[in-house]
1. Would you list His61, His215 from fewest to most Cβ contacts within 10 Å?
2. Could you calculate, for segment 30-115, the ratio of the Cα radius of gyration to the Kirkwood radius, expressed as Rg to Rh?
3. Using only the Cα atoms of the chain, construct the convex hull and provide its projected area averaged over every direction, in square nanometres to one decimal.
4. Taking the Cα-to-Cβ direction at Ile76 and at Met1 and moving 7 Å from each Cα, how far apart do the two end points lie in nm?
5. Suppose a student asked you for the relative contact order of the chain, using Cα pairs under 8 Å spaced at least 6 residues apart; what percent would you report?
6. Run the quick spin-label model on Gln45 and Ala168: label points 7 Å from Cα toward the beta carbon, then report their separation in nm to one decimal.
7. Report the Cα centroid-to-centroid distance between segment 1-17 and segment 76-120 in angstrom, as an integer.
8. Once phi is turned into ³J(HN,Hα) by the Karplus curve 6.51 cos²θ - 1.76 cosθ + 1.60 with θ = phi - 60°, what whole-Hz value does each residue of segment 94-110 show in order, with x for glycine and proline?
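Each value in this text was obtained by applying a stated rule to the coordinates, not by laboratory testing. Since the structure is predicted, the reported quantities are computational estimates derived from the model, not experimental observations. Because the Cβ atoms are built from the backbone with ideal geometry, glycine has one as well, and the counts that use them run over all protein chains shown.
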Amino acid sequence: MKEFITILKKTVLFSGVKENEIEAMLSCLQARKFSFKKGEFVLSQGQRLDNILILAKGKLHIQQDDYWGNRSIINIVNPREMFGEAYAAPESGAVMNDVMAVEDSEVIFFDVKKILTVCSSTCRFHTIVVQNLFYAISERNRRLVQKLGYMSKRTTREKLIAYLSDQAKRQNGSSFSIPFNRQQLADFLSVDRSAMSNELCKMRNEGLIEFDKNHFTLL
C-alpha cells in the first residue's frame, strides 16, 4: 500500500495532506487494495457499498446496461479519481450502475464510516479529508449537471456540439483528444453509433470539425 502514497497525495480526497500523514491514516481508514483485470467488474448494480474508492492505476467505466444489452457510459474514472462517494450516506441504497475495468486496474477501498468519523484526537489532516470529500461531491454533482446538458439536446448533432465544445474549453484549445473511442462516445451520449458517425462526417464535410480517431479540431 505504501507504494501508492505518492498517488494518493495527488487525489482530491487527500489534497493538502502530507505523505507521512497519509501513511498514518491508511490503517485508521482501513485502506485495502484490490486488483482487477480488464473486463472485470469492480462494482455491480444492486451491490451494497460501504466504501469510498480511489483508482490508483488503470481506467474504469461507470456504465449501465438495459435488459437488451444496450450500454450507456455514465462516466469514466481515471487514475487518482475517486468514486463511490454518492453512496456515503447510510441509507443511500444499493449501487445503481456497474463499474468495469477497461484496463488492468488497481483500486483502493476506504471505509466510509472511518472517513466520516473523526478520531478522538481530532487530527488536523482527518478534518481536511472530510472537507475534501464534501468538495469532491459538489464537483461531481456539477459534472452530472453538465452531462444532463448534453442529454437534454434533441439531436445527435446538438449533443456532439455541446460535448466537443465543452472539451475544447476544458483543454484550452480548439484541438484536443477525448477519452472515448466511437462506440464509447455513442454510449456516453446515448446515441446510435452509426448515426453519430454519419453526423460527424457531415460536420467534417461542412467544415465544422476535423478528426482522426479520438483527436478533434474545431474549425
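1. On the way: His61 22, His215 11.
By the 10 Å Cβ count, ascending: His215, His61.
2. On the way: Rg = 12.5 Å, Rh = 13.0 Å.
Ratio value, two decimals: 0.96.
3. Working: hull surface 53.0 nm².
Its Cα hull, projected and averaged over all orientations, spans 13.2 nm².
4. In this crude spin-label approximation the distance works out to 3.0 nm.
5. Details: 354 pairs, mean separation 45.7, N = 219.
Computed over the chain, the figure is 21 percent.
6. 3.5 nm
7. A separation of 15 Å, based on Cα centres.
8. Residue by residue, segment 94-110 yields 7, 4, 8, 9, 8, 10, 10, 6, 9, 9, 4, 9, 10, 10, 9, 9, 10 Hz.
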